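Bear in mind these aren't lab numbers, they're just calculated from the coordinates by the rules spelled out. Bear in mind that the values here come from a model prediction, so they are computed numbers and not experimental data. All Cβ positions, even for glycine, are placed from backbone atoms using ideal geometry, and neighbour counts span all protein chains on display.
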Amino acid sequence: MSVASDLTASSGPAPLPEARRTLAATGLNHALHDGYTDLIYVLLPVWQAEFGLDYVALAFLRSLYNGALAALQMPASRLARVLGARTVLVLGTLLSAAGYAIAGASGGLVGLGVGLLLGGAGSSTQHPLASAVIARAYGPAARGPLGTYNFTGDLGKAAVPPLVGLLLTLSGWRHALWVVAGAGVLVALAVGRVLPREPESRGGGEGARGRPHRDAARPGSGAGFRLLVAIGMLDNAARPAFLLYLPFLLQEKGAALTTVGLALSLVFVGGALGKAVCGRLGERLGVTRTVILTETGTALAILAVIALPLAPGMLLLPLLGVMLNGTSSVLYGTVPELAPGGRVERAFAVFYTWTLGGSALAAPLLYGRLGDVAGPHWAAAAAAGTALAAVPLMLALAPRLRAAPGRPA
């Protein structure tokens, strides 16, 4: 049974125009929230200069946003059972916009931290709820639309950070945050207007809203799922650990803020491509070979970016983005096969919570401290080592993947 069919077992698909409206609204929302999440990397050097922060403090600021995003996904799903997914998605986007408005209006570090915490709390609503809404709107044909939704997030990552980099050359960082907060309000209004009302309850009444579904014929292995989560945590820690230090590595090579924004955009454009490329590789080569290839390639590309001068390093960034983001799409597609007890929705919520939460904690506690002690070069090299650490775990998971029906190892 596919993810789509598992999520839609108790509700019929929507009419095609309504399903397309659902995809358009949730895709726009996804682009905004993923852009909100990653624009922080452009601002880290600015905050370091203004507040005199060390790398631990910078990593902690980033983790305020990502930690709230990770920790509140399951509560957001429970809230949607009461208010409906449409309402929670709109309120979450407004809360994220308010968070950035507060950060922009803040006169100090405390206000900035509060704003980032609220922004992450708002962004926690969109991943689990939007995925479920799309799956229920499209029914058994949802896998393609879910891929489109996943891709829209990378469009936001590619567009918002360079936009903020440009705004920083025209005005201060506070004004830049007010602009992106205003964009968030507009997106929230658009989602409220375009997204059909309560599509998640179609055909199933109140009992269908937010109810987990089971695929009893294919219960997953608890040990296999735990290995998958561990691999996801390592993969998801390597990405922010490297991106945390990329602006500083580039500035050491002579890059301006606009160049830093462009560099992040190149990484995210490559990441969008990687989700499609690595998905096809997973089908051809199998999950194990694909993950080993992408994690090893990620490590080698990070080390090359550290060592190369600015221009060739920039040219390498799209390829790095392909491998840095591509692994996550392969792991995400493996969750249904290993979901304990066949509870796919709960497995996705647990997977997101642990992988995002683990990276949010690791950034300040491990990589931030390492950056202060050894410098950004060694901290970025540690991100490469983190990617490589996923390889032996993937080899341990391989026999369980071979045992799972419908999934090549």
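Working from label points 7 Å from Cα in the Cα-to-Cβ sense, the Q251 to V114 distance is 2.7 nm.
Dipole magnitude for the stretch 12-211: computed about the Cα centre from +1 point charges on Lys and Arg Cβ and -1 point charges on Asp and Glu Cβ, it is near 700 debye.
Computed on the Cα trace of the stretch 12-211, the radius of gyration divided by the Kirkwood hydrodynamic radius gives Rg/Rh = 1.01.
Taken along the Cα-to-beta-carbon direction at a fixed 7 Å, the label points for V185 and L310 span 3.8 nm. Using the Cβ-Cβ distance between L303 and T258 with R0 set to 25 Å, the FRET efficiency from 1/(1 + (r/R0)^6) comes to roughly 0.45. Computed extension length for V46-T296: 86.8 nm, one decimal, from 0.36 nm per residue of separation with the Cα-Cα distance subtracted.
Maximal additional length on extending the T169-R289 stretch stands at 38.8 nm, based on 0.36 nm per residue less the C-alpha distance. Full extension of the chain between R81 and D372 yields a length gain of 100.3 nm, computed as 0.36 nm times the residue separation minus the alpha carbon distance.
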